[in-house]
Amino acid sequence: MRDRRYDILFEPVKLGPITLKNRFYQVPHCNGMSATLPRGHAAMRSVKAEGGWGAVCTDIISIHPSSDTTPFPQVRLWDAAEDRSIRLLTDAIHEHGAAAGAELAHGGWAVANRYTREPLLSPIDMPSRRDPIQARAMDKSDIRAYRQWHRRAALQARALGFDIIYVYAADDLELLQFFLSRRRNQRSDEYGGSLENRTRLLREVIEDTKDAVGDTCAVVVRLTVDELSGPDGILAEQEGKDIVAMLAELPDAWDIKVSGWAEDSQSSRFAKEGYQEPYARYVKRVTTKPVIGVGRFTSPDTMVSQIKRGILDLIGCARPSIADPFLPRKIEEGRTDDIRECIGCNICVATYNVGSPINCTQNPTIGEEYKRGWHPERYRPAMSDDSILIVGAGPAGLECAQAMGNRGYRVQLAEATCELGGRVSRESRLAGLQEWARVRDWRVGQINKMNNVAIYRESLLNADDVIELAAPVVVIATGAKWRRDGFGRNNHKAIERSADARILTPDDLMDGVQPQGPIVVFDDDDFYMGGVIAETLKRQGVEQVSLVTPNSLVSAWTVNTLEQPKIHRRLAELGVKIYTNKNLAAMRRDTGELICVFSGEREVIDASQFVLVTSRLPELGLYHQLQNRLTAGSAGEVKSVHRIGDANTPGIIAMVVFQGRRFAEEFDMPADGHLRIRTEPVDMEDLSHYETRHANRSIYTNPT
Ligand code: ADP
Ligand code: SF4
């Protein structure tokens, strides 16, 4: 059972009229499913509730069509059309004893209303953040209407089963925050100017909400206490503190954080567990109401310390609850070793930003609860006593081994080197990526508890070795290697080079090759590796490092993980010379030739070595040998050979972990040729009520 030290985490906490069963609070987080895939959304939140969270909140719930995040999905309280899917959600959360929280939201000028085509609203005339349109300054009737929408949404949310109703003024996404912030509110009426005036609307909306639902629901204010934008914005120790002090006892709890999203959801490359404490520590001194805060908490000791030191009352988690929906249950059951700790890679954020349902590197089951019927803690029992050999103990092989082991199969996992983890072990030694080793550590920890999974290190297998091991099922998870010829996204042939040009790949550096400057890192991969290599070289003391990319942004895809500006800033601070919009035309003994992707203009720079971060090739020698032996009928007991992970399709770690899990989940299912995905059909019963003659009827209910 649980360690007594953690008892405090399981104390009930009163939030106004409701009581949470413990201090574990899954704060709102986006998931790319919301109203678009309501069954998937409900199933995902249900697993969180099952995992022991005292409160499980939704992502943003738009209160009115003038806050439309299209193409990003959101939950909507615009009319009754989505009532059933919202009910599905609150019922799923309640089924496991958690309180359901609704993050009522209005995005002001941070949205673009691409679907509803409603005018954008803002405290002042303001360009939209997203499209070449402007928001209009809200007049008094707009403000009155907004307050009515919020009140109506609060009542509707309560009627649909929510226990916690948010008043949301955070994330640099919300109208209420825009009213608070002097850099976004230069009104001259009673809603602008002094802090008291700028706080007026927030106060009114809290009072409206308390009045509407406060007798039965907890009213929680989500507030940005520091905009991290200097003295023009809200600063924690100044206006942030004053806002909380002015409204201290009005809401039932304070959920506090920094903004924007890139500061709130910092990756482990830039911030460690508990990084928001400096901004949160004063809040409990100015209110007696419970305080909720985040900081990518995965360690129960850190959580206890936050509470005992009077920083927080409730441990807010988004990413830690994604990586391990069962985090509270594991602490309660004394299984802290089993916690699958978030690695801070922000793939969960990136999947939302690219418009897909949520993925996670550590938890391949998130978003798959309904779609594929997967569960983070439960596995289908084995259907046979087949034994399986997995070759390669990278993230794909390890995940496959732990999942097959959990299913009850006998597994042999062979690894060529003495180290487990493959690319995650290697990459975690590069600058800023240390926490990524958790992908290995959790899986090795699970496997070590099983006596049906055997690991063989220093076992570089060839086809004869595999056949000798006599496992009927062989899974090849031998990974991929970075290409040395420069073939990549922009160059579909080898890059020109002289015979004496010195060329390295990220694999060489991870193998310990110590390069001498000047070094040109050519990044045609666009994700993290190019920037990480440049940073690592600088930190190793290489004096001249240049980063060349055909893209207009350094590490361009990290826009999706919210890291891009931070990466550019860090490289610039370290003295990395950055060349954007430049392809690498030729590599010579002491120089590199760059070519502008727009003008074709050429430029020669010093380079005694080149690191090519372009693309990778699967390591498939063993796979092909075994396939040939199967075809020739000389594969002994081996009946089938499969490939997963980077050996199958080189990709991000989240994808290769997913492939490892998928193999285990689908192994021994009948081969019926169907994709094993449950789609979410549009409800035809609802559609049958649709009549074209009603097409010109107003769909908006009157605000009441
Ligand atoms: P993935 O990301 O798909 O898991 P990795 O590159 O991280 O792939 O890991 C592949 C692992 O496979 C590495 O640890 C490598 O040492 C191991 N490996 C490659 N070839 C063999 C082989 N023939 N026998 C055993 N292990 C191998
Ligand atoms: Fe954490 Fe990465 Fe999973 Fe997001 S994707 S929850 S950052 S491990």
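The values are calculated or read from the model by the stated rules, or taken from the named source; none is laboratory data. Keep in mind that this is a model prediction, so the values were computed, not measured. Note: ideal-geometry Cβ built from the backbone for every residue, glycine included; neighbour counts use all protein chains shown. Surface accessibility is based on the protein's heavy atoms, side chains included, excluding ligands, DNA and RNA. Shrake-Rupley method; radii C 1.70, N 1.55, O 1.52, S 1.80 Å.
Annotations for the structure displayed:
- Entirely in region 450-560, the strands (runs of 3 or more DSSP E) that have 1 or more residues that are touching a Lys or Arg at 6+ places or on another chain (Cβ under 7 Å) and at pLDDT 95 or above: 473-476, 480-482, 545-548
- Against the test of being of a type outside the set (Lys, Arg), open to solvent by less than 50 Å² (accessible area, probe 1.4 Å), without any contact (Cβ under 8 Å) to a residue 60 or more places away in the chain and touching a strand residue (DSSP E or B) at 6+ places or on another chain (Cβ under 8 Å), the options Gly531, Gly512 yield a single qualifying residue, Gly531.
- If you filter region 194-210 down to residues that are assigned to a helix (DSSP H, G or I) and without any contact (Cβ under 8 Å) to a residue 40 or more places away in the chain, you find that the one that is most open to solvent (accessible area, probe 1.4 Å) is Arg200.
- For region 620-666, a residue qualifies if it is away from ligand 2 (no atom under 16 Å from the Cβ), over 14 Å from Ala477 (Cβ atoms) and either buried (at least 23 other Cβ atoms within 10 Å of the Cβ) or not polar (S, T, N, Q) (or both), and the qualifying residues are His624, Arg629, Leu630, Ala632, Gly633, Ala635, Gly636, Glu637, Val638, Lys639, Glu665, Glu666.
- Region 610-642, residues that are closer than 28 Å to Trp557 by Cβ and not in a strand (DSSP E or B): Thr614, Ser615, Glu619, Leu620
- Selection count where residues are closer than 16 Å to Leu389 by Cα and touching a residue at least 60 places away in the same chain (Cβ under 8 Å), scope region 621-658: 16
- Some residue of region 268-277 being open to solvent by less than 10 Å² (accessible area, probe 1.4 Å), touching a helix residue (DSSP H, G or I) at 6+ places or on another chain (Cβ under 8 Å), touching a residue at least 40 places away in the same chain (Cβ under 8 Å) and within 16 Å of ligand 2 (Cβ to nearest atom): yes
- Region 397-419 - residue that is open to solvent by 10 Å² or more (accessible area, probe 1.4 Å) and of a type in the set (A, V, I, L, M, F, W, C) and, of those, farthest from Ala664 (Cα to Cα): Cys418
- Set side by side, the residues Val424, Val444 differ, and just one is touching a Phe, Trp or Tyr at 6+ places or on another chain (Cβ under 9 Å), within 14 Å of ligand 1 (Cβ to nearest atom) and not in a loop (DSSP other than H, G, I, E, B), which is Val424.
- The lone criterion from (1) more than 7 Å from ligand 1 (Cβ to nearest atom); (2) assigned to a loop (DSSP other than H, G, I, E, B); (3) without any contact (Cβ under 8 Å) to a residue 60 or more places away in the chain left unmet by Gln402 is number (2).
- Selection from region 14-35 of residues that are surrounded by fewer than 23 Cβ atoms within 10 Å (Cβ to Cβ), over 22 Å from Ser299 (Cβ atoms), in contact (Cβ under 8 Å) with a residue 40 or more places away in the chain and out of contact with any Asp or Glu (no Cβ under 7 Å at 6 or more places or on another chain): Lys14, Gly32
- Flag for Tyr275 being in a helix (DSSP H, G or I), at pLDDT below 95 and among the hydroxyl-bearing types (Ser, Thr, Tyr): no
- Leading residue by the ranking (nearest to ligand 2 (Cβ to nearest atom)) among those in region 427-449 that are touching a residue at least 60 places away in the same chain (Cβ under 8 Å) and closer than 19 Å to Lys538 by Cβ: Leu433
- Top-ranked residue in region 561-609 [being open to solvent by 40 Å² or more (accessible area, probe 1.4 Å) and assigned to a helix (DSSP H, G or I); ranked as farthest from Ala262 (Cα to Cα)]: Leu574
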